[in-house]
Amino acid sequence: MKLQRKNRLRATALGALAVSGALVLSACGSDDNTKESGDGDKTAAASSIKCDDAKGQILAAGSSAQKNAMDLWVKNFQQACAGVEINYQPIGSGGGITKFTQGQVAFAGSDSALKPEEVTASEEVCKGGKGINLPMVGGPVAIGFNVPGVDSLVLDAQTLAQIFDSKIKKWDDKAIADLNPDAKLPSTAIQAFHRSDESGTTQNLNKYLKAAAPADWKYDDSSKSWEAKGGQAASGSSGVASSVKDTEGAIGYFELSYATASNLTTVKVDTGAGAPVEATTENASKAIAAAKVKGTGSDLALELDYATKAEGAYPIILVTYEIACDKGNKAETLPSVKAFLNYTVSDEGQKVLSEAGYAPLPTEIAAKVREIVPTLS
């Protein structure tokens, strides 16, 4: 009996070992590239990303507005394409364009299209070609505030212009009170924060204030630098958002994703439509959908309507461009740049934007970008 029992135990152990070995071999030899997500669902790891001949390190820089979108894109692309590293530095649109025209980066991110003199400068780097604007991501420029006791705030273009121009200095100013009759506004001093670096976000706010409140905003709407007097400066959208969060009585401008990350309440904008409009990706998309292409050839620079009064259209918007050479790209980086941009403008690449507080490109504009990216040479 003891011998039979010992043999049974030995057989059971060997059987378990065999099953264990089979599982290990199966796992090692599996071609299943799916990963378990936190809720137990299987999600394909960047299932439709085409790597083509992408390899090596790609340097890029520019807009901090698109940083959170870029972080998602880079993560997904690098998971799918082994051996590729996309190094994006969110140093501001102005800094990105400078690096691009100096040949230091393969592409740049900018919240405003290239100026004529910047296109001319790019011809030195893009041998036989020039820099072009490729719309890639859109979204609202949110106006975040930190006023204790005030959970909802409506402002219009005129009032915003006077706040950021240091003409309205207290939160209980009559102009603000008239727009918010039910709010208990304190007499706290307004601390208005703006970008210290050259920024397309600043330029887009400039364009909005100039278009919607021309009598109250006298500054150059083509400038990426802050020109209004007074206020306090902070670096990057993250710096402005952090400053607003940490300062009682503060107000500032940044992309919606930064407001969400900092848990900041944002202003509803009175555009003259039936109801004030909240800064959401859906409402920004309504405004961006009316954009028209003003660029020629491969250039897809857009003209936005910042003074829109369409119902539910949030007017303070931006579109971030990826700026690349149409011709004359460096041979060693071109395959990776094309593969990456092909992904970012794909349905899959655009789909992740809403989850991060951005507005995907309108269908017609995205289709045009998809036609141009493969032609980069």
Inset, instruction - Give the number of residues within the range 205-250 that are farther than 25 Å from Ser187 by Cβ, among the small types (Gly, Ala, Ser) and in a loop (DSSP other than H, G, I, E, B). - result: 5
Inset, instruction - Among what's in the range 286-333 and is of a type in the set (S, T, N, Q) and in contact with a helix residue (DSSP H, G or I) (Cβ under 9 Å, 6 or more places away or on another chain), pick the residue that is nearest to Cys126 (Cα to Cα). - result: Asn329
Legend entry - Condition broken by Ala324, with the remaining ones in (1) more than 24 Å from Leu59 (Cα to Cα); (2) touching a strand residue (DSSP E or B) at 6+ places or on another chain (Cβ under 6 Å) satisfied: (1)
Inset, instruction - Answer with yes or no whether Ala290 is more than 19 Å from Gln162 (Cα to Cα) and among the small types (Gly, Ala, Ser). - result: yes
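What helices (runs of 4 or more DSSP H) lie completely within the range 90-188 and have 2 or more residues being closer than 25 Å to Asp216 by Cα?
Working: elements: 93-101, 116-122, 157-164, 174-179.
Answer list for the range 90-188: 157-164, 174-179.
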Inset, instruction - Provide a single number: the residues in the range 56-68 that are outside any loop (DSSP other than H, G, I, E, B) and either open to solvent by less than 10 Å² (accessible area, probe 1.4 Å) or in contact (Cβ under 8 Å) with a residue 60 or more places away in the chain (or both). - result: 7
Inset, instruction - Please tell me if Thr260 is over 23 Å from Ala113 (Cα atoms), open to solvent by 30 Å² or more (accessible area, probe 1.4 Å) and in contact with a Gly (Cβ under 9 Å, 6 or more places away or on another chain). - result: yes
Inset, instruction - Taking Gly328 as the residue in question, decide whether it is in a loop (DSSP other than H, G, I, E, B), under 21 Å from Leu114 (Cα atoms) and open to solvent by 30 Å² or more (accessible area, probe 1.4 Å). - result: no
Inset, instruction - Name the residue, out of Val119, Val105, Val137, that is under 19 Å from Gly200 (Cβ atoms), touching a helix residue (DSSP H, G or I) at 6+ places or on another chain (Cβ under 6 Å), among the β-branched types (Val, Ile, Thr) and open to solvent by 10 Å² or more (accessible area, probe 1.4 Å). - result: Val105
Inset, instruction - Considering each residue of the range 331-362, count those that are without any contact (Cβ under 8 Å) to a residue 24 or more places away in the chain and outside any helix (DSSP H, G or I), and give that number. - result: 1
Inset, instruction - Sort out which residues of the range 69-88 are outside any helix (DSSP H, G or I) and touching a helix residue (DSSP H, G or I) at 6+ places or on another chain (Cβ under 8 Å), and write them in order of number. - result: Cys81, Val84, Glu85, Ile86, Tyr88
Inset, instruction - Search the range 180-199 for residues being of a type in the set (Asp, Glu) and open to solvent by 70 Å² or more (accessible area, probe 1.4 Å), and hand back the single one that is farthest from the chain's Cα centre (by Cα). - result: Asp182
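Just for the range 283-311: of the residues that are of a type in the set (A, V, I, L, M) and in a loop (DSSP other than H, G, I, E, B), which one is surrounded by the fewest Cβ atoms within 10 Å (Cβ to Cβ)? Talk me through it step by step, then tell me what you get.
Just the residues of the range 283-311 that are of a type in the set (A, V, I, L, M), to begin with: 284, 287-291, 293, 300-302, 304, 307, 310.
Still in the list and also in a loop (DSSP other than H, G, I, E, B): 289-291, 300-301, 304, 307, 310.
Working: Ala289: 16, Ala290: 13, Ala291: 20, Leu300: 22, Ala301: 18, Leu304: 21, Ala307: 16, Ala310: 16.
Applying the filter and picking the extreme gives Ala290.
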Inset, instruction - Filter the range 343-359 for residues that are open to solvent by 40 Å² or more (accessible area, probe 1.4 Å) and either under 22 Å from Ala301 (Cβ atoms) or of a type outside the set (S, T, N, Q) (or both) and give the result. - result: Asp347, Glu348, Lys351, Glu355
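The values are calculated or read from the model by the stated rules, or taken from the named source; none is laboratory data. All values reported here derive from a predicted model rather than from experimental measurement. All Cβ positions, even for glycine, are placed from backbone atoms using ideal geometry, and neighbour counts span all protein chains on display. For accessibility, only protein heavy atoms count, side chains too; no ligands or nucleic acids. Shrake-Rupley method; radii C 1.70, N 1.55, O 1.52, S 1.80 Å.
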